[in-house]
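Novice: The structure's right below; bear with me while I get my questions together.
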Amino acid sequence: MQEIFMKRALELARGGWGKTNPNPLVGAVIVKNGKIIAEGYHEALGLAHAEVAAFNKAKQDVRGATLYVNLEPCSHYGRTPPCAGAIIEAGIGKVVVAMEDPNPKVSGRGIKMLKEAGIEVVVGIHGKEAENLNEIFIKYITQKQPFVIMKAAMTLDGKIASAGGDSKWISGESSRHHVHVIRDRVAAIMAGISTILADNPSLTTRLGSQKGMDPVRIVVDSKGIIPLDSRVISMEATAGVILATTSAIESEKEKQLLDKGVHILKADGTGGHVDLVRLMDELYKLEIDSVLLEGGGGLNAAALNSGIVDKVMIFIAPKIIGGKDAKTPVEGEGIQLMKDAYKLEDVSISRFDEDILVEGYIR
């Protein structure tokens, strides 16, 4: 039964997608006499953590009950008081935890607090699933950089646009909807200036009748040539715009962008390009825990070469367009030897109508 109740905690945790960043996704289930008596999850940044949310919804005494939670209860004061203390005060008899807190500063302390209070603690039930669920938080809290997802959609022959530049649409409607689901989950979306000039995208979240969260929109533009009337700048959204540029940007253009509310980050790299590693450091300081790359072949190549990519999502559509000059998902100089190719691990394959999505991790 432990596995069933933890599965429910993990399911509840997913309700916080896109609303808790940079906090983790956490769900909690309180069980007494073999029955669930309360549930809760961390609904949004600054609101009650999952354990406290469950306590608040309990319609009967929780003393002696078992609490299932997918992440170790916190032991420190953050935006809210520590949950370990609330669990002890509530009189919970047993706590089942999927995984320890990955934060090296606090990992294990919550569990230690509970045990010292005489509460039985079990750790590791559905641990791998819990790690996958909070992969963004784990990277953010342990490496102090955002979790980066490189997404692309291509034809069977590896093209992201025709030789004439037409890319609408490579993938089908179901695939595109899933991308907007991902946009709703991440803190930021990043595109290169070439994509902005070619497609003039808004980079917002569109989920039809559902209300989605717009990610912070980041444009990598080393010379600051982005048009002031670009949709990414002029279109109203629930999140702001960051221009990642270098000292090559003209002062007058910089002022005009600032006047429009654009946040400017300068990260001078080699060859006049934006230093993407430094950019990630700056984004971490802004509490941006995740970035979805939708930037085209040039930015994808630079991101891979800089080592910032954690996860790859490639949609493959059953279409062939050909053309030696047609753009591909990863451009740049490329790898010379097959042994040096970027390799994906933990690969999964799923279907979205006629399209195939291949996902994997770059370790």
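The values are calculated or read from the model by the stated rules, or taken from the named source; none is laboratory data. Being a predicted model, the structure only gives us computed values, none of them experimental. All Cβ positions, glycine included, derive from the backbone under ideal geometry; neighbour counts span all protein chains shown. Surface areas here come from the heavy atoms of the whole protein model, side chains and all, with no ligands, DNA or RNA. Shrake-Rupley method; radii C 1.70, N 1.55, O 1.52, S 1.80 Å.
Novice: Of A301, P318, S251, which is farthest towards the positive pole of segment 241-328's charge dipole, taken about the Cα centre with +1 and -1 on the beta-carbons of Lys, Arg and Asp, Glu respectively?
Specialist: P318
Novice: Using Cα positions and a limit of under 20 Å, work out the lysines in reach of K112, with same-chain residues fewer than 8 apart set aside.
Specialist: K94
Novice: Additional query: How are the C-alpha pair distances of segment 261-314 spread across 10 Å bins, as whole percents from the shortest bin up?
Specialist: Answer for segment 261-314: a P(r) of 20, 57, 22, 1 percent.
Novice: On a 23 Å Cα-Cα criterion, which of the cross-link pairs K253/K327; K105/K285; K211/K311; K139/K223 come out too long?
Specialist: Violating the 23 Å limit, Cα to Cα: K253/K327; K211/K311; K139/K223.
Novice: Further, regarding this structure: So between A248 and I36, what do we pick up on full extension, going 0.36 nm a residue minus the alpha carbon distance? Working shown, then result.
Specialist: Details: separation 212, 0.36 × 212 = 76.32 nm, distance 6.00 nm.
Full extension from A248 to I36 adds 70.3 nm.
Novice: Using only the Cα atoms of segment 69-210, each taken as one equal point scatterer with no solvent, compute I(q) by the Debye sum, divide by I(0), and report log10 of the ratio at q = 0.11, 0.12 Å⁻¹.
Specialist: Those come out to -0.63, -0.69, one per q.
Novice: Which number comes out as Rg/Rh for segment 1-53 once both Rg and the Kirkwood Rh are worked out on C-alpha atoms? Intermediate values should be presented prior to the final figure.
Specialist: Values: Rg = 11.1 Å, Rh = 11.0 Å.
Rounded to two decimals, Rg over Rh is 1.01.
Novice: Might you report the magnitude of the Cβ-based charge dipole of segment 214-336 about its Cα centre, with Lys and Arg at +1 and Asp and Glu at -1, to the nearest 20 debye? Don't skip to the end; give the middle numbers.
Specialist: On the way: 13 positive and 19 negative charges, 66 e Å.
Roughly 320 debye, rounded to the nearest 20.
Novice: Sorted by accessible area (1.4 Å probe), largest first, how do M1, M190 line up?
Specialist: In descending accessible area the options line up as M1, M190.
Novice: P(r) for segment 27-106, please, calculated from all Cα pair distances in 5 Å bins and given in %.
Specialist: Result, from short to long distances: 3, 16, 29, 27, 15, 6, 2, 0 percent.
Novice: So what is the 222 nm mean residue ellipticity for the chain from helices alone, if each DSSP H run of at least 4 adds -39500 (n - 2.57) and you divide by all residues, rounding to the nearest 500 deg cm²/dmol? Write out the running numbers ahead of the final one.
Specialist: Values: 12 runs with 106 residues, N = 363.
Calculated at 222 nm, the ellipticity per residue is -8000 deg cm²/dmol.
Novice: Can you give the translational diffusion coefficient of segment 206-278 in µm²/s, computed by Stokes-Einstein from the Kirkwood radius over Cα pairs at 37 °C and 0.692 mPa s? Write down the numbers at each step before the final one.
Specialist: Working: Rh = 13.1 Å.
D = 250 µm²/s.
Novice: Now for a different question. How much area per residue is accessible in the chain when the probe is 1.4 Å and only protein heavy atoms are counted (Å²)?
Specialist: Working: 17510 Å² over 363 residues.
Roughly 48 Å² per residue, with all protein chains present.
Novice: So if I take the alpha carbon set of segment 82-124, get Rg, then get Rh from the Kirkwood formula, what is the Rg over Rh ratio?
Specialist: That ratio equals 0.94.
Novice: Positive end of the charge dipole of segment 1-102 (Lys, Arg +1 and Asp, Glu -1 on Cβ, about the Cα centre): tell me which of I36, C74, G85 has its Cα farthest that way.
Specialist: I36
Novice: Which order do D214, D340, D353 take by accessible area at a 1.4 Å probe, largest first?
Specialist: These residues rank, largest area first, as D353, D340, D214.
Novice: What is the projected area of the convex hull of the Cα atoms of the chain, averaged over all directions, in nm²? All intermediate terms of the calculation are to be shown ahead of the outcome.
Specialist: Numbers: hull surface 80.7 nm².
Result: a mean projected hull area of 20.2 nm².
Novice: Segment 128-255: percent of C-alpha pairs farther apart than 21 Å? If you can, show how the numbers build up before the last one.
Specialist: On the way: 4171 of 8128 pairs.
Summing the P(r) tail past 21 Å for segment 128-255 gives 51 percent.
Novice: Once every Cα of segment 185-309 carries one equal point scatterer and solvent is ignored, give the base-10 log of I(q)/I(0) from the Debye formula at q = 0.17, 0.18, 0.19, 0.23 Å⁻¹, two decimals.
Specialist: -0.84, -0.94, -1.06, -1.58
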